[in-house]
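The values are calculated or read from the model by the stated rules, or taken from the named source; none is laboratory data. Please read all numbers here as calculations on a predicted model, not as lab measurements. No Cβ is skipped: glycine too gets one built from the backbone with ideal geometry, and neighbour counts run over all protein chains shown. Quick note on the areas: whole protein, heavy atoms, side chains included, nothing else; ligands and nucleic acids left out. Shrake-Rupley method; radii C 1.70, N 1.55, O 1.52, S 1.80 Å.
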Amino acid sequence: MESSTIRILVIVAIIHFPVLLDSAVRQYKFDVVMKNATMLCSTKPIVTVNGMFPGPTLYAVEDDTVLINVVNHVNYNVTIHWHGIRQLRTGWADGPAYITQCPITTGQSYIYNFTITGQRGTLLWHAHILWLRSTVHGAIVILPKCCVPYPFPKPDKEVVVVLAEWWKSDTEDVINEAIKSGLAPNVSDAHTINGLPGPVSNCPSQGGFTLHVEKGKTYLLRLINAALNEELFFKIAGHHLTIVEVDATYVKPFKTNTVLISPGQTTNVLLFADQKQGNYLVTVSPFMDAPIAVDNITATATLNYIGTLTNTPTIPTTPPLENATTIATNFVNSLRSLNSKQYPASVPRTVDYNLYFTVGLGLNPCPTCKPGNGSRVVASINNLTFTLPTTALLQAHYFNINGVFTTDFPANPPYVFNYTGTPPSNLQTMNGTKVFRLAYNANVQLVLQGTGIVAPENHPIHLHGFSFYAVGRGPGNYNPMTDPMKFNLVDPIERNTIGVPSGGWVAIRFRADNPGVWFLHCHLEVHTTWGLKMAFLVDNGRGPNQSLLPPPIDLPKC
């Protein structure tokens, strides 16, 4: 009896504390199911993983192989993307629909199989088809290998904090109505913190998340922005936060009272419970410094010191203004890679491909779009609105299927104009399914230039299959003669999702050391829907370890 009890306890420990196992195979099952959810005093069915919102946290250790059996029980096609996972040679497990795989249809399943190489920290997983990621998302926590400490004070406890948006309506109805009209979709009705918005004016009984802390202890908060369309500010009354990691990359620690986090980004912060006993307000509010409609309702949670008397009033805080550009810019400019001996910043010093991509909106004719006066809002990269194929790009590449895509994506804007000034008279874009081909192991510099067409706006751009270094950033139009002289090639921040500032540009560098087809797109879901996306095709190298692996036998078919 005693040995059986011990055996059960050991199994439980392995499930909940995977740090006890090193370089293991971790297996998960994700059942995609419908569930009724009540929020903001109304109930609707939502798509979930294992009936949870947010979904389950996926735990692993660096160098682990992870197998996730995703079973589709709903009447939507489904794919899951493991956002930020490098997927070295395993593009088949990356997840974006019709880019690296065909969707998992109703009643079918697919096992995502990948190894976590050279990464540790916080990432996220989410649906990568339609607008399902509004409720189909969760955390990925990659723990360091056994006996490898964090390069910052060891926390007493770690807490996952997932930020998101909530619509009272079905999100598929929201975007379908917008596509029909040609206009922007309705903004969300609330923001959420670990699935709860806190009390709001039209539903004061709505509860909120409570973070219980013990005075004198240190907490690692793993912040994730899983929102569809909004950059968010995160703030805790009376407490400073120490930033120690973003997008699964350690950074030089710095203190702030406000975190800016874009959709798809993650940020790890140390919270020192060093204030007097009490309750402290936590706020999550939008950042938008352009004339674009956003959900301006602030989500709230409570930081509660254990032992605080019941009915103790909550100490308030004021969230930043919606257009607090200075706060946002100061936060972004404070981020630097740790660049230590153990965690160096391997910034490419030479450039093989020098690319310049404009990102922004446009207007195309749409005779049936009466609310849009015969026009439809679209989005583009280098004036190309991406057309999603019906055969996955990676399959077409691997099996040499003709007619699915072309490799003539423009390296520079096809039309030169004052990108952040007065827009041209013709706001139309071209349509196509084009990729840009890269040689294996080439060094790439990509300047992402925001445009002012329709409206200047921040674009959080996510690159699949790679992490990259953000070597430069600035307002206005990029100047190829003077701006590179100011690039940071020593300790630039390394991430997988970067905000192109409203009316400005960012420059990133990466080494194309991962063969396959890799999606680049805006992580504002409305802009992805409108066509702000493209893909890089990275050729195989010379040896078998530099080549894309064959597709798995259960890869979904189109």
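Observations, loosely collected:
- Matching residues, region 502-541, being in a strand (DSSP E or B) and charged (D, E, K, R): Arg509, Arg511, Lys533
- Annotation note: of Thr326, Thr310, the sole residue that is at pLDDT below 95, out of contact with any helix residue (DSSP H, G or I) (no Cβ under 6 Å at 6 or more places or on another chain) and surrounded by fewer than 16 Cβ atoms within 10 Å (Cβ to Cβ) is Thr310.
- Tabulated pairs, region 181-193, first assigned by the TED database to the domain that holds Thr210 and closer than 18 Å to Met52 by Cα, second among the polar types (S, T, N, Q) and open to solvent by 20 Å² or more (accessible area, probe 1.4 Å), C-beta under 9 angstrom, 6+ apart or interchain: His191/Thr298; Ile193/Thr300
- Tallying residues that are farther than 24 Å from Lys157 by Cα and part of a loop (DSSP other than H, G, I, E, B) within region 170-206 yields 15.
- Selection within region 449-471: residues that are within 21 Å of Thr422 (Cβ to Cβ) and among the hydrophobic types (A, V, I, L, M, F, W, C). The member of this set that is most open to solvent (accessible area, probe 1.4 Å) is Val454.
- Scanning region 163-180 for residues that are more than 18 Å from Leu524 (Cβ to Cβ) and not charged (D, E, K, R) gives a single hit, Ser169.
- Only one of the listed residues (Gly499, Gly474) is at pLDDT 95 or above, part of a strand (DSSP E or B), crowded, with 22+ Cβ neighbours inside 10 Å and not assigned by the TED database to the domain that holds Thr100. That residue is Gly499.
- Top-ranked residue in region 109-118 [being in contact with a strand residue (DSSP E or B) (Cβ under 8 Å, 6 or more places away or on another chain) and open to solvent by 10 Å² or more (accessible area, probe 1.4 Å); ranked as nearest to Tyr343 (Cα to Cα)]: Thr115
- Residues in region 142-180 that are free of Cβ contacts under 8 Å to residues at least 60 places away in the same chain and either among the small types (Gly, Ala, Ser) or crowded, with 19+ Cβ neighbours inside 10 Å (or both): Trp167, Thr171, Val174.
- All of Val377, Val332, Val359 fail the test of being crowded, with 16+ Cβ neighbours inside 10 Å, over 20 Å from the mean Cα position of the chain (by Cα) and under 28 Å from Phe536 (Cβ atoms), apart from Val377.
- Set side by side, the residues Val66, Val71, Val61, Val78 differ, and just one is open to solvent by less than 10 Å² (accessible area, probe 1.4 Å), farther than 21 Å from Val148 by Cα and not assigned by the TED database to the domain that holds Gly195, which is Val78.
- Residue check: Cys147 meets all listed conditions (1) modelled with pLDDT under 95; (2) in a strand (DSSP E or B) but one, namely (2).
- Residues that are closer than 28 Å to Asn69 by Cβ and assigned to a helix (DSSP H, G or I), drawn from region 542-558: Pro544, Asn545
- Single match in Leu394, Leu363 (criterion: over 30 Å from Leu489 (Cα atoms), touching a residue at least 24 places away in the same chain (Cβ under 8 Å), in a helix (DSSP H, G or I) and in contact with a strand residue (DSSP E or B) (Cβ under 7 Å, 6 or more places away or on another chain)): Leu394
- Condition check for Pro344: over 30 Å from Arg120 (Cβ atoms), open to solvent by 30 Å² or more (accessible area, probe 1.4 Å) and either part of a loop (DSSP other than H, G, I, E, B) or not assigned by the TED database to the domain that holds Val259 (or both): no
- Subset of region 366-391 [in a loop (DSSP other than H, G, I, E, B) and closer than 19 Å to Thr420 by Cβ]: Asn382, Asn383
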